[in-house]
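Notes follow once the structure below has been shown.
The values are calculated or read from the model by the stated rules, or taken from the named source; none is laboratory data. Nothing here was measured: the structure is a model prediction, and the numbers come from that model. Cβ placement follows ideal geometry from the backbone for every residue including glycine, while neighbour counts extend to all protein chains displayed.
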Amino acid sequence: MGSNRVARFSVSMPSALAEQLDAMVVDRGLANRSQAIAEMVRNELVEHGARMGSEEIAGTITLVYNHRRPNLQARLTRVQHDHHEWIISTLHVHLDHENCLEVLVVRGPADAIRALSDSLVSAKGVKHGRLAVTTTGRAFPG
C-alpha cells in the first residue's frame, strides 16, 4: 500500500458522459480526468468500506433536534456516553430557541460507527440526522 507507482488502465464511456466529466474537471480545477477518476474511486472505496464490515473509518454524525422534546437530550447523551470510545469530539450549536445542531466526530470500526449513528438518528424527536464517512488516511498511499 505504501507505493506511489501509477497503474494505467483504459476507461470507455459514452462521449456525452466524457464531456460531462471534462466539464466537471474544469469546474473543480482538477488537473485532468485521471485526477477526477482517482478521486471518485477513493470516494467509492471509502463508502464501500463503511458499508462492509469493520474496517476503521472516521466521519461525522450530524443531528438536528428540538431540545425541548422530553427525555431526548438525556437519551442522546446516554447513547454518546455508552459509546465514548468511538466519539472523538462533539459540537453543540443552538440554531434557535428550540432547535439544536449537534455534530459528533467519530472514529472506529465501520459496523460500530454505523450502529452508533443509527441509534442516534433513529431516536424519537431527532428531526434529521446523517452519518458522513471518510477515511482515516491509512488505506490510501501518498
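For this structure, a couple of remarks:
- Contacts under 9 angstrom Cβ, first residue in the range 7-34 being surrounded by 10 or more Cβ atoms within 10 Å (Cβ to Cβ), partner part of a loop (DSSP other than H, G, I, E, B) and of a type outside the set (Val, Ile, Thr), 6 or more apart: 21/13; 24/30; 25/31; 25/32; 34/8
- Every pair of residues 6+ apart whose Cβ atoms lie under 8 Å, when the first sits in the range 85-101 and is free of Cβ contacts under 8 Å to residues at least 40 places away in the same chain while the second is of a type in the set (Asp, Glu) and in a strand (DSSP E or B): 90/102; 91/102; 92/102; 93/102
- The residues of the range 101-111 that are at pLDDT below 95 and of a type in the set (A, V, I, L, M) amount to a single one, 110.
- Across the range 27-52, the number of residues qualifying as within 27 Å of residue 128 (Cβ to Cβ) and assigned to a loop (DSSP other than H, G, I, E, B) comes to 1.
- Of all residues in the range 67-84, those that are under 20 Å from residue 56 (Cβ atoms) and in contact (Cβ under 8 Å) with a residue 12 or more places away in the chain total 2.
- Residue list for the range 87-117, restricted to those being surrounded by 15 or more Cβ atoms within 10 Å (Cβ to Cβ) and within 16 Å of residue 136 (Cα to Cα): 87, 104, 106, 107, 108, 110, 111, 112, 113, 114
- Answer from 110, 115 - the residue that is in contact (Cβ under 8 Å) with a residue 40 or more places away in the chain and among the small types (Gly, Ala, Ser): 110
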